[in-house]
Each structure stands twice: as C-alpha cells, then as structure tokens.
Amino acid sequence: MSECAMEIHKEDLLSNPTNRVPIALALDVSPSMDGEPIQELNEGVRQFFSALKEDRVARLSAEVAIVTFATTADVVLDFQSLERVESPPSVQVGGSSTNLGAGVSLALDILEDRKNVYKEAGIDYFQPWLVLMTDGQPTSDEHLRAAPRTCDLERGGKLVVFPIGIGPGADMDVLAMFSEKRQPLKLKGLNFAQFFEWLSKSVVCVSQSRPGEKLKLDTEGVKGWAEI
C-alpha cells in the first residue's frame with residue numbers, strides 16, 4: 001500500500017471511531033471457476049457490499065478485503081472504509097493451479113496488519129472474519145501450514161472462519177482442516193447471492209453487538225444457500 005493510501009486509511013479511523021468488523025474474502029479464481037461460477041461470485045460480492053452499505057451501523061463498522069488465489073495469491077482490495085469503495089473490483093480467473101494455502105496465508109497476514117492499525121489508532125474491533133471459498137483441491141502443500149494457523153487463531157478467540165465449498169469438485173476434507181468450530185458447508189448450486197445475503201445479515205448483527213460477545217448466526221438462513 002502506498003504511503004498516501006495509508007494516510008487516507010488512518011484518517012478514516014480517526015474520523016470514524018466505530019468498532020470495526022474486518023472481513024477477508026479468500027476466493028478461488030483458478031480456471032475451473034471460469035464462466036458462470038465466476039460471474040455469480042462477482043455478483044454475490046457486489047450484493048454483499050451493497051447490503052452492508054445500506055445498514056447504517058454496518059456501513060461504519062465493516063471493512064472488507066478481497067484476496068484471490070490460483071497459482072499465486074493477490075490482494076485485489078485492501079481494507080478501507082466502505083464509503084471509499086464505490087463498487088468492489090470484479091475478480092478474474094487466472095493461473096493454472098489452486099494454491100489455497102497461499103490465499104489463506106495472505107488473508108491472515110492482511111487481517112493481522114489491519115488489527116495492528118486499529119490498535120495504533122485506538123479503535124476497538126470484533127473478531128476478524130475469514131471467508132474461504134474454493135471449488136477444487138489444493139495443488140500445493142502450503143495449506144498444511146496455513147490450516148494450523150487458522151485453527152490456532154480460532155482457538156484463541158481471534159478469528160471466525162467460514163469454509164465454503166463450491167460445486168462437486170470441492171475438497172470438503174481439506175476445508176475442514178481450517179476450522180475446529182465450524183464445519184465446512186457446500187454451496188447449493190451457484191447460490192452465491194443467497195450466501196452473501198446471509199453473510200451480510202450476520203455482519204449487521206455483529207456490528208450492532210459489543211466486541212467480545214458470542215457470535216450468533218442465523219442457522220435457519222443457512223438452509224437457503226447450503227447443502228445440509
């Protein structure tokens with residue numbers, strides 16, 4: 001991030017001291033996501049941002065970063081005020097493999113960086129969220145190092161993890177490695193819109209609570225987008 005961008009983001013924190021909910025979306029953009037899956041994913045992400053902006057409290061609290069992974073992992077949107085994001089960037093399919101571990105590691109790194117920025121600015125925050133979505137199997141062993149890291153953070157009350165499988169090729173056993181508290185769920189068809197609607201409502205509920213309170217999710221709402 002440039003020095004200028006960092007100063008703008010610090011100004012956001014000083015002008016808006018609301019408790020933050022940092023959310024990192026780690027999204028698979030390997031070739032198998034090409035076509036309708038990536039189109040539906042992008043539309044779901046756009047709806048997610050729109051829903052957060054429509055809620056008065058969530059608009060001030062939520063900060064969303066987007067990390068994509070295929071052969072490599074990249075930050076396509078870093079944390080910042082939602083008011084600065086007119087529309088989230090569309091993610092693009094690329095690469096030739098699925099380095100899931102690199103995506104998770106990068107997402108955790110930027111979450112940690114953002115937490116440090118909050119602390120320096122004296123801003124309180126809720127447990128960071130990691131939303132991991134993939135439609136395949138990892139093609140490297142980096143996930144074997146990333147998974148224990150997520151579980152350690154989760155165990156210490158420092159991370160909330162949502163492992164989501166897309167389509168019949170998603171390796172649910174691998175996704176299960178990333179959380180000891182929340183089993184991975186498989187998206188029902190290409191119900192990205194329903195998933196992100198549910199996720200936005202969950203963020204709204206958290207933003208209206210107090211840091212440290214137990215996360216309560218709409219378990220009935222899960223049935224609308226997940227294979228149960």
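Just so you know, all these numbers are worked out from the coordinates, no wet-lab data involved. If you're wondering where the values come from, they're calculated on a predicted model, not measured in any experiment. Don't worry about glycine lacking a Cβ; one is built from the backbone with ideal geometry, like all the others, and counts go over all protein chains shown.
General remarks:
- Cubic angstrom per residue, convex hull over Cα atoms of segment 174-221: 94
- Net lengthening on full extension, ASP113/ASP218 (0.36 nm per residue, minus Cα-Cα): 34.9 nm
- Counting only DSSP H runs of at least 4 residues, each contributing -39500 (n - 2.57), and dividing by the residue count of the chain, the helix-based mean residue ellipticity at 222 nm comes to -13500 deg cm²/dmol.
- Unit charges at the beta carbon, dipole of segment 35-81: most positive-side option, VAL75, PHE49, SER61: SER61
- C-alpha long axis of helix 3-15 to longest principal axis of the chain, angle in °: 60
- Nearest-0.05 FRET efficiency for CYS205 and ASP173, computed from C-beta distance (R0 45 Å): 0.90
- Springs between Cα atoms under 10 Å define the GNM used for the chain, and in it the highest mean-square fluctuation of THR150, THR134, THR18 occurs at THR18.
- 0 to 90° range, to nearest 10: angle between helix 100-121 axis and the chain longest Cα axis: 10
- Descending Cα extents along the principal axes, segment 21-100, whole Å: 41, 22, 16
- Segment 100-228 - Debye-derived log10 I(q)/I(0), Cα point model, q = 0.14, 0.18, 0.23 Å⁻¹: -0.65, -1.06, -1.49
- Acute angle (nearest 10 degrees) that the helix 192-207 long axis makes with the longest principal axis of the chain, alpha-carbon atoms: 30
- Its relative contact order, with pairs defined as Cα atoms under 8 Å and 6+ residues apart, puts segment 120-228 at 27 percent.
- Relative to the Cα centre, the charge distribution of the chain, modelled as +1 at Lys and Arg Cβ and -1 at Asp and Glu Cβ, gives a dipole magnitude of about 800 debye.
- Partner lysines for LYS214 [C-alpha distance under 26 Å; skip if fewer than 8 residues away on the same chain]: LYS53, LYS115, LYS119, LYS158, LYS181, LYS186, LYS201, LYS223
- Three-way shape call for segment 66-124 based on the alpha-carbon gyration tensor, with the a/c threshold at 1.5: oblate
- Global geometry of the chain, whether rounded, prolate or oblate, following the gyration tensor of its Cα atoms and the 1.5 cut on a/c: rounded
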